[in-house]
Amino acid sequence: MTETRVLLIEDEPNIIEAIRFILSREGWRVDTTSDGGNALEAVRSRNPDLVILDVMLPNRSGYDILCDMRADEEMRDIPVMMLTARGQKKDKELAERLGVSTFMTKPFSNAEMLASARELVR
Amino acid sequence: MSFDILVSICVAYVLLLFGVAFWADKQAERGRAGWLRSPVVYTLSLSVYCTAWTFYGAVGYAARSGMEFVTIYLGPTLVMVGWWVILRRLVRIGRSQRITSIADLISSRYGKSNALGVLVTCLAVLGTTPYIALQLQSVTLSLDAFSQSGSASDPQSLRNTALLIAAGLALFTIIFGTRNLDANERHHGVVTAIAVEAVVKLAALMAVGMFVVFFVSGGVGPTLQAIDASPISSWDTGADRWATLIFLSAAAFICLPRMFQVMVVENSDERHLATASWAFPLYLLLISLFVVPIAVVGLSVSPEGSNPDLFVQTVPLAFDRNALAMLAFLGGFSSATSMVIVAAIAVSTMVSNHVVMPIWLNLREGRAALSGDVRHVVILSRRLSIAGILLFGYLYFVLSGGGAALAAIGLVSFTGVAQVLPALLGAIFWRGATRIGAAAGLSVGLAAWIWTSFLPSFGQTGILTPEIFAHGPFGIALLRPHALFGIEGLDPLVHSVFWSMVLNAGSFLAFSLLSAQTPLERLQGARFVNIFQYSGGTRGWRGSAVEAEDLLMMTQRLLGASDAQALFRTEAQRQGKSGSLPDVTPAFVERLERELAGSVGAATAHAMIAQITGGVSVSVEDMMRVADEAQQILEYSSQLEAKSKELENTAGQLREANEKLVALSFQKDSFLSQVSHELRTPMTSIRSFSEILMEGESMSAEERQKFSQTINGEAVRMTRLLDDLLDLSVLESGQVMLNRQEDMLGAVLDRAFVATGQLGVEATMVIDRNGSDEKVPVRTDCDRLAQVFINLISNAGQYCDAPEPCLRIHVHEIDGRHVVDFIDNGSGIPEESQAEMFEKFTRADDHRAGGGAGLGLAICREVMKRLGGEVDYVAGLGGAAFRVTLPGTESAAAGRVG
């Protein structure tokens, strides 16, 4: 079994550090990018097993990135876990309509986040 | 018979007439007019047509011109028989428009033009004056015939007699003709007296006739033989003259002021016309019956050279029948006086109403309405007019020398008054006739008449010279009075009638077609021409053109389909019809109109129905009602409009308030959402790391230390955010307490730099200040001002992207106010962000650990607002440049700082 690779697209340094710490303990490899503008390119080039995607990103919103991924032949099937500080119902609905795999509201419980991530990469 | 007895009888007769007139007036005053207003009296009063000219003149006419005199009776007979066509209209118009004279009728029809009234009045005076002279002449001649028995008396005594008669007639006319002001209040006394006179003259003429036939000629048979033998019976009159005379007498019958007076003004009941239509021709027949026998016998028994005009009187005298002669004299006297009285009343009304009163009112210049003596003035002016007209008649009598034949004078008069005919017929039959046209026709006709008939009537040696008759005025042959435009050989009368009427009618038509009507003319024209549709209460009904469906459709539009259909079905049932559409009967239309009036108003309903039924029955009153209703609707609708505007305003205000509320609510939602977001982000780190720490395993002390610091840092960040939020909320709500104190600007800046740590070794950027510029005293809440400075300095420290960051503080004055510029050497703020960067939660770039929540500039703006200053971004100074405008003068700042 090959190493599980996760691409974390998030711009808050402390959150990046926390998630990286949690997933690294699982033996996963965590790559990060903070810029929404080149996020899609990063996904395409790294072809990760899981994308963890923040909504509020500089230059491009997480919804746009998700939308483009689902429209793309190669990236369509990559599971996406969406993280957002906006926990409103309509945000979640929008994400689901766009084809999100899991939607999580900040702040999240480490265990829950890990369980969801495991579920998605299996 | 002595002259004294004659005069006594005369005076007695006049006194009798006074008595009759007085009695009739009294009866009418008591409301017992009764038979005084009967068709018989009306018919007899029409006999003013038969003047002394008829009484004496017809016989003379017959003696001179044979049967031609009959035309004078044929014209009126035709008019009376055809009363339905013209007279009925005139009477109806006269009654509905309260017409006082023929001049009034013309003036009223043509837009109440007084100029026309004056014109017709002039024509009437000119046409009546010779006629009155004629009456005076005949009475004096007949009186003279008694006293002198044939031989001519001296002219001076004749004139004196004429003057006496004129004065007496003036007196009678004034007494009975001007009792009432309103011409529509009829002159019962006068009319009754005239009816009596009509009986007297008929009786007298018939008595003389009987005498001639049965006593002189010895029966009907011998009389007819004598007539046959006499030249009178020969019909040598040309057809043109016949036709002209019949036309002329018909026209005069309608247009003569006195005829108009008795026929239209004195008419008390339109139905009397129907009786008069056969009774008056009968009267004419009777009065003309013995004309020819008297003329024939007169010619045979009178000495050569005697005046045939007096045969009626001289024949009985020749046989020494004084009583009969006396009766004949009274008949002639009656004919003359009745004509003079009525003509004087009619013409004086015109003169007074159209000439004297307008002048008097003009002279008074509007004061008339204020004074109460107008009525008195009107009566006085009428009385003076009567006297004046009789004086004119007397003068004409004196001037003309009393020489001309009676019939000739009569025809001159007839031709004159006939000039009114085109304008009169136009007035009642042609809506297109205009004031200008009528004036043109009347003027041209009047001129033609004066030139071809009136002036020549004074004789070849009178006013016109034989020279003019032969060669025209100033030698212009085309204008010869008896051969106008070079047409010679016509009988002078035919010539005059032809030219005056052709020129008159031609001008009338041409100018009417060329000129425009005033609104009043149009209105009056419609009322006159359509008199039978306007008056009488019910509309002019033309049922044939009406469709029940049309009415139903219109009704549906007004009442709604079901109500309208129910209404029509009910009506159909009432008429006993099986369908749902009733017959359109006048009764139904009246009912329908009432029904519709309930929803659209009476006048509109009337007008709408009239439109469909085709009766154009809109009177002035109708129009006024429509106008009134329209006015009310207008007022109501303007009220509604005002109200609706008010409501609209209120709705607008509500809408605005609502929009504000919605915007506020949206702002609140987005604010809460932003706050939630800003709090969740540090909370995420705190929760995540604290969970990691709680698990506690496989972690170096270093890691533990680092995670704890992160948690602490995020907690500090959250605290700061909450502080900022609270601060902003206090500032925005205006509840902030300002602590005003005095300080130097430099000192405030110093404190700000200390607070941001941008002093000495800690400094991350070069600070460029000029201490002397900063020696500006400030009197404000200096802590708050420092807070703004701190924000701007830390923003520069945080966001300036130059490799060697530098912040320049530039203090200067703009428009008398001190400003502090904070200019760094970075790349500045992108233009698209400049507008929104003072809003809450706006950050120049992405999050940085420990970065602000984006409330800093929003707080700065609120603070400066409270302090009475400003903070703005200034583009184009190189790098990011913020300008703080310090609070203005002492007082201004104090004013704003609550």
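The values are calculated or read from the model by the stated rules, or taken from the named source; none is laboratory data. Because the structure is predicted, anything quoted here is derived from the model rather than measured. Here the Cβ positions follow ideal geometry from the backbone for every residue, glycine too, while neighbour counts run over all protein chains shown.
Overview of results
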| read-out | value |
| --- | --- |
| Flag if A:ALA117 is outside any strand (DSSP E or B), in contact with a helix residue (DSSP H, G or I) (Cβ under 8 Å, 6 or more places away or on another chain), without any contact (Cβ under 8 Å) to a residue 12 or more places away in the chain and within 14 Å of another protein chain (Cβ to nearest Cβ) | no |
| Top-ranked residue in region A:1-44 [being among the aliphatic types (A, V, I, L, M) and within 11 Å of chain B (Cβ to nearest Cβ); ranked as surrounded by the most Cβ atoms within 10 Å (Cβ to Cβ)] | A:ALA18 |
| All helices (runs of 4 or more DSSP H) inside region B:233-292 with 1 or more residues being farther than 30 Å from B:GLY445 by Cβ | B:272-289 |
| B:LEU693 being among the aliphatic types (A, V, I, L, M) and at pLDDT 85 or above | yes |
| Enumeration of residues in region B:711-744 that are among the charged types (D, E, K, R) and outside any helix (DSSP H, G or I) | B:ARG740, B:GLU742, B:ASP743 |
| Search result, residues across region B:881-892 that are in a loop (DSSP other than H, G, I, E, B) and either at pLDDT 85 or above or not assigned by TED's automatic domain parsing to the domain that holds B:GLY746 (or both) | B:LEU886 |
| Long-range neighbours under 6 Å by Cβ, at least six apart or interchain, first residue over 30 Å from B:THR337 (Cα atoms) and assigned by TED's automatic domain parsing to the domain that holds B:LEU330 within region B:198-226, second part of a helix (DSSP H, G or I) and of a type in the set (Val, Ile, Thr) | B:SER217/B:THR223; B:THR223/B:VAL213; B:ALA226/B:VAL296 |
| Residues satisfying the stated conditions in region B:88-107, i.e. surrounded by fewer than 23 Cβ atoms within 10 Å (Cβ to Cβ) and under 30 Å from B:VAL494 (Cβ atoms) | B:ARG89 |
| First in region A:45-71 and away from chain B (no Cβ under 14 Å) and closer than 18 Å to A:PHE103 by Cβ, second anywhere and surrounded by 15 or more Cβ atoms within 10 Å (Cβ to Cβ) and small (Gly, Ala, Ser), Cβ under 8 Å, 6 or more apart | A:LEU50/A:ALA117; A:LEU53/A:ALA39; A:LEU53/A:GLY62; A:TYR63/A:ALA95; A:ASP64/A:GLY36; A:ILE65/A:GLY36; A:ILE65/A:ALA39; A:LEU66/A:ALA95 |
| Residue check, B:GLU678 at pLDDT below 85, among the charged types (D, E, K, R) and surrounded by 10 or more Cβ atoms within 10 Å (Cβ to Cβ) | yes |
| When residues of region B:742-790 are limited to those that are basic (Lys, Arg) and free of Cβ contacts under 8 Å to residues at least 60 places away in the same chain, the one farthest from B:HIS818 (Cα to Cα) | B:ARG751 |
| Selection within region B:763-793 - among the aliphatic types (A, V, I, L, M), outside any loop (DSSP other than H, G, I, E, B) and more than 19 Å from B:VAL871 (Cα to Cα) | B:VAL766, B:ILE767 |
| Any chance B:LEU693 is part of a helix (DSSP H, G or I) and more than 12 Å from chain A (Cβ to nearest Cβ) | no |
| Matching residues, region A:45-67, being buried (at least 21 other Cβ atoms within 10 Å of the Cβ) and farther than 23 Å from A:GLY87 by Cα | A:PRO48 |
| Filter pass, B:GLY734 being of a type in the set (Gly, Ala, Ser) and within 14 Å of another protein chain (Cβ to nearest Cβ) | no |
| Those residues of region A:105-114 which are under 14 Å from A:LEU8 (Cα atoms) and facing chain B (nearest Cβ under 10 Å), in sequence order | A:MET113 |
| Residues satisfying the stated conditions in region B:696-714, i.e. among the hydroxyl-bearing types (Ser, Thr, Tyr) and within 10 Å of chain A (Cβ to nearest Cβ) | B:SER698, B:THR710 |
| Residue ID - farthest from the other protein chains (Cβ to nearest Cβ), chosen from residues in region A:78-95 that are at pLDDT 90 or above and farther than 20 Å from A:GLU17 by Cα | A:ILE78 |
| When residues of region B:674-690 are limited to those that are under 17 Å from A:ALA111 (Cβ atoms) and β-branched (Val, Ile, Thr), the one nearest to the other protein chains (Cβ to nearest Cβ) | B:THR684 |
| Residues of region B:724-751 classified as touching an Asp or Glu at 6+ places or on another chain (Cβ under 7 Å) and of a type in the set (S, T, N, Q), total | 1 |
| Pairs where the first residue, in region B:341-356, is over 10 Å from B:PRO257 (Cβ atoms) and the second is of a type in the set (Asp, Glu) and assigned to a helix (DSSP H, G or I), C-beta under 7 Å, 6+ apart | B:ASN353/B:ASP104 |
